[in-house]
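Asker: The following block contains the structure, expressed as structure tokens.
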């Protein structure tokens, strides 16, 4: 499709001078966007084992040779820097390299050994920015050859930058290889061994087991852990959170309770289909898979809309379980927004009444109903948003963020 989604905040960060460091899990577009914005920078990547590769000149360099270059050459990008020989960090710490240096790492947590703590060699030397999935604001404010319902259903998956331009059928059918390889690569970069326990935790969460006790029971029932105690999984959960594969959401009103969910919509639906239908091992027809995707899509869209409203309003998502609310956003200790997402072709007056009754329990919060198109909604007291209004909101928000020229 050839569409480049502009990321104004990241672009502004990259265009500032000085030493910059990008981190984030694999396949979030860090390298692509850094090379796109900083086209005049010389790009190098550290291979496993510590050698440094120059893809333009097709040269492999040892640390000493790269250090000589680093002393005399300006404007350098060094990718997967965490794999480098420790001697390189001594050079950086001594200030012997160019000031216009961008380091990139495909880790969410492992890189901190170089940037945090009293003995960290790079501590305080770099401005640091995390790069996650593409945000709904970035996606909605881009021009696409689609609109309405079709647009949102594709953008849900385009949060993964490597999927941009592909049709949903292709995304889903090739997604099981993507999901499994992504998990393996992420854990490998974080210096963790990819075991079945990680896969089963991801599967449990995708299947709707969102609390620690539910996840532990799921693994125990499948013989993966010797008992249903949460102590068997907490270490693995923490690593998955730190690796950027799942996120921990606060359960409102219960400070010690957390709700776990996938960050990537693709890993979520792929692991869900494996949990319910053995998708990784059993060949299923597209006609059958399409029905599963259609039924699951409203949940993925709900998460997309939550991310969108949270960014637009500058609020924090929480999970409200009683009554169960699709989207709840808070500021400090107050609920500011409650919203329901109804991804369907028609809403009747009785359904609207039930939604109003549920949301009206939160008297001080703004109450929002999100639908594909305003025309499906009967008269309501709720603020209503559809695809057209959301696109407009995202574009107006993005115009306020002006990257450096």
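Asker: With the requirement that a residue be in a helix (DSSP H, G or I) and more than 13 Å from residue 172 (Cα to Cα), what does region 259-299 give you? Working first, answer last.
Answerer: Step one: list which residues in region 259-299 are in a helix (DSSP H, G or I), which gives 265-277, 286-299.
Once the filter is applied, which keeps residues that are in a helix (DSSP H, G or I) and more than 13 Å from residue 172 (Cα to Cα), region 259-299 yields 275, 276, 277, 295, 298, 299.
Asker: Got a number for residues in region 217-226 being surrounded by 17 or more Cβ atoms within 10 Å (Cβ to Cβ) and in a loop (DSSP other than H, G, I, E, B)?
Answerer: 2
Asker: Moving on. Could you give me the residue pairs with C-beta distances under 6 Å whose first residue belongs to region 145-164 and is outside the structural domain of residue 290 (by TED's automatic domain parsing) and farther than 24 Å from residue 131 by Cα, whose second residue is part of a loop (DSSP other than H, G, I, E, B) and at pLDDT 95 or above wherever it lies, and which are 6+ apart or on separate chains?
Answerer: none
Asker: Looking only at residues in region 166-177 that are assigned to a loop (DSSP other than H, G, I, E, B) and at pLDDT 95 or above, which one is surrounded by the fewest Cβ atoms within 10 Å (Cβ to Cβ)?
Answerer: Here the residue is 167.
Asker: Could you tell me how many of the residues in region 240-258 are outside any loop (DSSP other than H, G, I, E, B) and crowded, with 19+ Cβ neighbours inside 10 Å?
Answerer: Let us first name the residues in region 240-258 that are outside any loop (DSSP other than H, G, I, E, B), namely 240-242, 246-251, 258.
Going one step further and asking which of them are crowded, with 19+ Cβ neighbours inside 10 Å, we end up with 240, 246.
Matching residues across region 240-258 total 2.
Asker: Can you find, within region 136-165, the residue that is farthest from the chain's Cα centre (by Cα) among those that are part of a loop (DSSP other than H, G, I, E, B) and crowded, with 21+ Cβ neighbours inside 10 Å? First the steps, then the outcome.
Answerer: Initial filter on region 136-165 (part of a loop (DSSP other than H, G, I, E, B)): 141-147, 159-160, 164-165.
Now drop any that are not crowded, with 21+ Cβ neighbours inside 10 Å, which leaves 141, 159-160, 164.
On the way: 141: 18, 159: 7, 160: 7, 164: 14 Å.
In this case the residue turns out to be 141.
Asker: So which residues in region 370-381 are more than 16 Å from residue 309 (Cα to Cα) and in contact with a helix residue (DSSP H, G or I) (Cβ under 9 Å, 6 or more places away or on another chain), if there are any at all? Quick ask: steps written out before the conclusion?
Answerer: If we filter region 370-381 for residues that are more than 16 Å from residue 309 (Cα to Cα), which is where we start, we get 373-381.
Listed by number, the residues that qualify are 373, 374, 377, 378, 379, 380, 381.
Asker: Here's another thing I want to ask about it. For residues in region 352-376 being assigned to a helix (DSSP H, G or I) and surrounded by 14 or more Cβ atoms within 10 Å (Cβ to Cβ), which is modelled with the lowest pLDDT?
Answerer: At the first step, the residues of region 352-376 found to be assigned to a helix (DSSP H, G or I) are 352-359, 374-376.
Still in the list and also surrounded by 14 or more Cβ atoms within 10 Å (Cβ to Cβ): 352, 355-356, 358-359, 376.
On the way: 352: 95, 355: 96, 356: 96, 358: 97, 359: 97, 376: 88.
Among residues in region 352-376 that are assigned to a helix (DSSP H, G or I) and surrounded by 14 or more Cβ atoms within 10 Å (Cβ to Cβ), the one modelled with the lowest pLDDT is 376.
Asker: Would you point out which residue out of 312, 329 is under 18 Å from residue 370 (Cα atoms), in contact with a helix residue (DSSP H, G or I) (Cβ under 8 Å, 6 or more places away or on another chain) and part of a helix (DSSP H, G or I)? Steps first, please.
Answerer: On the way: 329 fails: part of a helix (DSSP H, G or I).
Among 312, 329, only 312 is under 18 Å from residue 370 (Cα atoms), in contact with a helix residue (DSSP H, G or I) (Cβ under 8 Å, 6 or more places away or on another chain) and part of a helix (DSSP H, G or I).
Asker: Right, another one. For region 188-209, which positions are part of a loop (DSSP other than H, G, I, E, B) and surrounded by fewer than 19 Cβ atoms within 10 Å (Cβ to Cβ)? Steps first, answer last, please.
Answerer: First, pick out the residues of region 188-209 that are part of a loop (DSSP other than H, G, I, E, B): 190-195, 207-209.
If the condition is that a residue be part of a loop (DSSP other than H, G, I, E, B) and surrounded by fewer than 19 Cβ atoms within 10 Å (Cβ to Cβ), then 191, 192, 193, 194, 195, 207, 208 are the ones that fit.
Asker: For residue 329, work out the one condition from (1) buried (at least 18 other Cβ atoms within 10 Å of the Cβ); (2) within 23 Å of residue 270 (Cα to Cα); (3) under 19 Å from the mean Cα position of the chain (by Cα) it doesn't fulfil.
Answerer: So the condition that residue 329 fails would be (2).
Asker: Has region 109-118 got at least one residue that is more than 23 Å from residue 239 (Cβ to Cβ) and in the same structural domain as residue 27 (by TED's automatic domain parsing)?
Answerer: Within region 109-118, the subset more than 23 Å from residue 239 (Cβ to Cβ) is 118.
Retained after the next criterion (residues that are in the same structural domain as residue 27 (by TED's automatic domain parsing)): 118.
Checked against the condition, which is being more than 23 Å from residue 239 (Cβ to Cβ) and in the same structural domain as residue 27 (by TED's automatic domain parsing), region 109-118 yields at least one hit.
Asker: Now for a separate question. So, in region 377-405, how many residues would count as being within 26 Å of the chain's Cα centre (by Cα) and not in a loop (DSSP other than H, G, I, E, B)?
Answerer: Initial filter on region 377-405 (within 26 Å of the chain's Cα centre (by Cα)): 385-404.
Next cut, not in a loop (DSSP other than H, G, I, E, B) only: 385, 387-399.
So the count comes out to 14.
Asker: Mind telling me which of the residues 264, 229 ends up being on the phi < 0 side of the Ramachandran plot, surrounded by fewer than 19 Cβ atoms within 10 Å (Cβ to Cβ) and at pLDDT 95 or above? Reasoning before the result, please.
Answerer: Working: 264 fails: surrounded by fewer than 19 Cβ atoms within 10 Å (Cβ to Cβ).
Every option except 229 fails the conditions.
The values are calculated or read from the model by the stated rules, or taken from the named source; none is laboratory data. As the structure is a prediction and not an experimental result, all values here were calculated from the model. When we count neighbours, we look across all protein chains shown, and the Cβ atoms used for this are built from the backbone with ideal geometry, even at glycine.
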